[in-house]
Amino acid sequence: QLQLVESGGGLVQPGGSLILSCVASGSFFSINAMGWYRQAPGKQRELVATITSGGVTNYADSVKGRFTISRDNAKNTVYLEMNSLKPEDTAVYYCNADFKVRLGRPYVNYWGQGTQVTVSS
């Protein structure tokens, strides 16, 4: 069974930092793009950052220069380093990945269950 498990969320003061991790597990051939999305109360889920298997990154304008996405393909893990956090970064952060279960099969998209990040003094 394919699974994405996030960790690293918590409560942090404005201006602080957090690092989120997401580990992919299960039986699969490869992972293509991985990414982080977030959803604040009363708002739609939005893209934070994505990274391809080759390391090409994409960021939302609101986090450029403050957040860094990276991945360790050997560990099937994607990270999100968040610096200079603001109260408006408060949200549930979700990990997302495209799995290829078997060679020749299409990619299947999966979501993690989310980890809460709260930025408050």
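Is it the case that the range 59-74 has a residue that's of a type outside the set (Asp, Glu), over 23 Å from GLY16 (Cα atoms) and open to solvent by 70 Å² or more (accessible area, probe 1.4 Å)? Within the range 59-74 (the criterion being of a type outside the set (Asp, Glu), over 23 Å from GLY16 (Cα atoms) and open to solvent by 70 Å² or more (accessible area, probe 1.4 Å)), the answer is yes, since at least one residue qualifies. Inclusion of GLY104 among residues that are modelled with pLDDT of 95 or more, of a type outside the set (Ser, Thr, Tyr) and not in a strand (DSSP E or B) is not warranted.
Note on the range 101-121: residues that are open to solvent by less than 50 Å² (accessible area, probe 1.4 Å) and farther than 15 Å from LEU4 by Cβ total 3. So for the range 49-56 (the condition being farther than 21 Å from ARG102 by Cα, open to solvent by 50 Å² or more (accessible area, probe 1.4 Å), out of contact with any Cys (no Cβ under 7 Å at 6 or more places or on another chain) and in a strand (DSSP E or B)), does at least one residue qualify? So far as the range 49-56 goes, no, none of its residues is farther than 21 Å from ARG102 by Cα, open to solvent by 50 Å² or more (accessible area, probe 1.4 Å), out of contact with any Cys (no Cβ under 7 Å at 6 or more places or on another chain) and in a strand (DSSP E or B). Answer yes or no as to whether LEU80 is over 24 Å from LEU2 (Cα atoms), open to solvent by less than 60 Å² (accessible area, probe 1.4 Å) and touching a residue at least 12 places away in the same chain (Cβ under 8 Å). No: the conditions fail for LEU80. Could you tell me whether ALA97 is open to solvent by less than 60 Å² (accessible area, probe 1.4 Å) and out of contact with any Pro (no Cβ under 7 Å at 6 or more places or on another chain)? So ALA97 fits the description; yes.
Would you check if there is a residue in the range 4-11 being surrounded by fewer than 16 Cβ atoms within 10 Å (Cβ to Cβ), touching a strand residue (DSSP E or B) at 6+ places or on another chain (Cβ under 9 Å), closer than 30 Å to ARG102 by Cα and modelled with pLDDT of 95 or more? So far as the range 4-11 goes, yes, one or more of its residues are surrounded by fewer than 16 Cβ atoms within 10 Å (Cβ to Cβ), touching a strand residue (DSSP E or B) at 6+ places or on another chain (Cβ under 9 Å), closer than 30 Å to ARG102 by Cα and modelled with pLDDT of 95 or more.
Determine if the range 67-82 includes at least one residue that is of a type in the set (A, V, I, L, M, F, W, C) and touching a Pro at 6+ places or on another chain (Cβ under 9 Å).
Taking the range 67-82 and keeping what is of a type in the set (A, V, I, L, M, F, W, C), we get 67, 69, 74, 78, 80, 82.
From the residues that got through so far, the ones that are touching a Pro at 6+ places or on another chain (Cβ under 9 Å) too are none.
No, the range 67-82 has no match at all.
Please go through the range 12-29 and pick out each residue that is open to solvent by 30 Å² or more (accessible area, probe 1.4 Å), out of contact with any Phe, Trp or Tyr (no Cβ under 7 Å at 6 or more places or on another chain) and farther than 20 Å from SER84 by Cα. Answer for the range 12-29, where residues must be open to solvent by 30 Å² or more (accessible area, probe 1.4 Å), out of contact with any Phe, Trp or Tyr (no Cβ under 7 Å at 6 or more places or on another chain) and farther than 20 Å from SER84 by Cα: VAL23, SER25, GLY26, SER27, PHE29.
The values are calculated or read from the model by the stated rules, or taken from the named source; none is laboratory data. Keep in mind the model is a prediction, meaning the values are calculated, not measured. Neighbour counts are summed over all protein chains in view; Cβ atoms, including those assigned to glycine, are modelled from backbone coordinates with ideal geometry. SASA here: full protein model, heavy atoms, side chains in, ligands and nucleic acids out. Shrake-Rupley method; radii C 1.70, N 1.55, O 1.52, S 1.80 Å.
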